[in-house]
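The values are calculated or read from the model by the stated rules, or taken from the named source; none is laboratory data. Since this is a predicted model, take the numbers as computed values, not measurements. Don't worry about glycine lacking a Cβ; one is built from the backbone with ideal geometry, like all the others, and counts go over all protein chains shown.
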Amino acid sequence: MTTDTARAARIAALKTAARERILVLDGSWGVMIQRRGLTEADFRGERFAGHNLPLKGDNDLLCLTRPDIVTELHDAYFEAGADIAETNTFNATSLSQSDYGLESAVVDINLAAAALARESADRWTAADPARPRFVAGAIGPLSRTLSMSSDVNDPGARQVTFDAVHGAYLEQARALHRGGVDLFLVETVFDTLNAKAAIKAILDLQDEGLEPLPIWISGTITDRSGRTLSGQTVEAFWNSIRHARPFAVGFNCALGADLMRPHVAELARIADTFVAAYPNAGLPNAFGQYDEEPDQTAAHLEEWARSGLVNILGGCCGTTPGHIAAIARAVAGKPPRRPPERPRAMRLAGLEAFELA
């Protein structure tokens, strides 16, 4: 098959699989990379040996300087039972890479990340064709926000413009698409306006002649208030991004499964598409580490599956291949949620949702 035909077949298989069973996403990249004890030299490699800024901690850069580690992590999560792998590109935009002075490397990072994930997924699919593996192009939230002021004395102050955020996301999305991802994952959304810039960038690829790919949008509820950091409720968040007709919508990060459940349940009630969630392994302890064991996380998510709340599950901060294996075992054979058919209505949002039937 040609590349485009092969990708179309994978997308069709993804949509079919999501209707038939609960799919499993991979787990944390940060915790697994930290365990490697990498040095500055690992992040620099040969290409960036003479770079004038420290690079340790720029995990996305490992796609270029230590691709062996990235491949090993993909393989570990697929072996654990993941159906979907995220590319190692959470911070692979020019705005985020500017912290390291690596704006010029953004395209190469995304292309390499997509290629590494694609190679691993295809290898695991070839070994078990009845269980295809898929690649989600990870698009993170940025370290700059469009909705909130950067100066307490000036409510209108911003560190960045919408056009700059859109341009950064467009560059990333274009490279991920070229690299062969099957869908886009706009994740850890704390500012819905940032997410809308990412959505526009993805949709604008069609104007460049690229075929549309499914979009998965994952917000983050930052605390017990039930709101995103930019202040939206669950329903307001959904109303703000539903125009994109996402393949899936959900939540990740910030909370453990016990605290995330009511927000996932609310989204399952209102979203007429697939619902996904990948919580942290509980809340961090005093040392910033996560203590929740794989069987504990899996027990929470198994109950979500039994309650018909979800279509895709995985893990965020603190989760390991062990967590993903436990989750995969816990939800195996359980039917996926059936998206509801909601009556037609005008649904709007600010910080709160508004519906006019």
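Residue count for the range 105-140 under the criterion of being over 16 Å from LEU170 (Cβ atoms) and in a loop (DSSP other than H, G, I, E, B): the result is 6. The lone criterion from (1) over 16 Å from ILE109 (Cβ atoms); (2) of a type in the set (A, V, I, L, M, F, W, C); (3) over 23 Å from the mean Cα position of the chain (by Cα); (4) exposed (fewer than 14 other Cβ atoms within 10 Å of the Cβ) left unmet by ALA9 is number (3).
In the range 131-144, the count of residues that are over 20 Å from the mean Cα position of the chain (by Cα) and modelled with pLDDT of 95 or more is one or more. Entry remark, the range 197-229: residues being within 20 Å of ALA349 (Cα to Cα), at pLDDT 95 or above and touching a helix residue (DSSP H, G or I) at 6+ places or on another chain (Cβ under 7 Å) number 8 in total. When LEU229 is tested against (1) surrounded by 21 or more Cβ atoms within 10 Å (Cβ to Cβ); (2) closer than 29 Å to LEU309 by Cβ, only condition (1) is not met. Scanning the range 135-190 for residues that are among the hydroxyl-bearing types (Ser, Thr, Tyr) and within 29 Å of THR71 (Cα to Cα) yields SER143, TYR169, THR188. Evaluation of ASP108 against the conditions (1) surrounded by 17 or more Cβ atoms within 10 Å (Cβ to Cβ); (2) more than 24 Å from ALA298 (Cβ to Cβ); (3) not hydroxyl-bearing (Ser, Thr, Tyr) shows that the sole unmet condition is (1).
Condition check for ALA76 on (1) buried (at least 21 other Cβ atoms within 10 Å of the Cβ); (2) more than 17 Å from the chain's Cα centre (by Cα): one failure, at (1).
Taken over the range 145-165, residues that are crowded, with 19+ Cβ neighbours inside 10 Å and in a loop (DSSP other than H, G, I, E, B) amount to 2.
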